[in-house]
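Only one structure is covered here, and it is reproduced in the block below.
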Amino acid sequence: MKNDECTVYLIIKKSGWAQKYRKTKSGWTQTTNGIVRKLTAEQFLSHLLPALSIKKKLVTVKIVKDKKLK
């Protein structure tokens, strides 16, 4: 699976708050509450890696393969 074939969801369990990250031709995008922001790969990792390091399991990271239209 390539970066542009999936969507990464970062979900905070307690509040149900979610962020969506997608790879496009021009770079990464972050969508929160309908607001889309452009990110560099480094910014994407700086959002994702701290969430993965939390020991209390308050955050879920979900990767979903996108359906391609033929």
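Observations on the model:
- Working from Cα pairs under 8 Å separated by at least six residues, relative contact order for segment 3-65 is 39 percent.
- Extent of segment 3-65 along its three principal axes (Cα atoms, max minus min coordinate, largest first): 35, 22, 20 Å.
- Over 22 Å (Cα to Cα) - which of K23/K57; K23/K65; K23/K56 fall in this group: K23/K57; K23/K56
- At most 11 other Cβ within 10 Å, DSSP loop - trypsin sites (Lys or Arg not before Pro), segment 5-38: K13, K14, K25
- The charge dipole of the chain, taken about its Cα centre with unit charges on the Cβ of Lys, Arg, Asp and Glu (plus for the first two, minus for the last two), comes to roughly 260 debye.
- Gain in span if fully extended, K38 to T24, counting 0.36 nm per residue against the direct Cα distance: 4.1 nm
No lab work stands behind these numbers, since they all come straight from the coordinates. Just so we're clear, the structure is a prediction, and the values are computed from it rather than from any experiment. Using ideal geometry, Cβ is built from the backbone for each residue, glycine included, and neighbour counts are taken over all protein chains shown.
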